[in-house]
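Below is one structure, written out as structure tokens, with a few remarks after it.
Just so it is clear, none of the values below were taken in a lab; they were calculated from the coordinates. Computed from a predicted structure; not experimentally measured. Glycine gets a Cβ as well: all are built from the backbone with ideal geometry, and neighbour counts include every protein chain shown.
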Amino acid sequence: MDSPTRAIFAAAQTAFQTAGAAIALLDAEGTVVGWTQAAQRLVGYSAADVRGCPGRQAGEESGSCGAGQG
């Protein structure tokens, strides 16, 4: 990720965290790159648990994603 993209991502992540909404940010390939605290409260998995997982698998109990093994 280049520097301008990182800056935009950081600003978006801050805005999403303060919004209080359960949001998963996905990249162009559908991989989880951001996860709000509200999402963690909703499904029980931290950002570290789901970051790098395919969005469709984030938070699933079966499989490697959603258990910190992304």
Which order do 23, 8 fall in if you start with the one that has the fewest other Cβ atoms within 10 Å? 8, 23
Starting from one equal scatterer on each C-alpha and no solvent at all, send me the Debye-based log10 I(q)/I(0) for region 1-59 at q = 0.27, 0.31 Å⁻¹, two decimals. -1.14, -1.28
On a full-extension model of 0.36 nm per residue, what is the gain between residue 17 and residue 41, subtracting their alpha-carbon distance, rounded to one decimal in nm? 7.4 nm
Relative contact order of region 3-57, defined on C-alpha pairs under 8 angstrom at six or more residues apart (%): 28
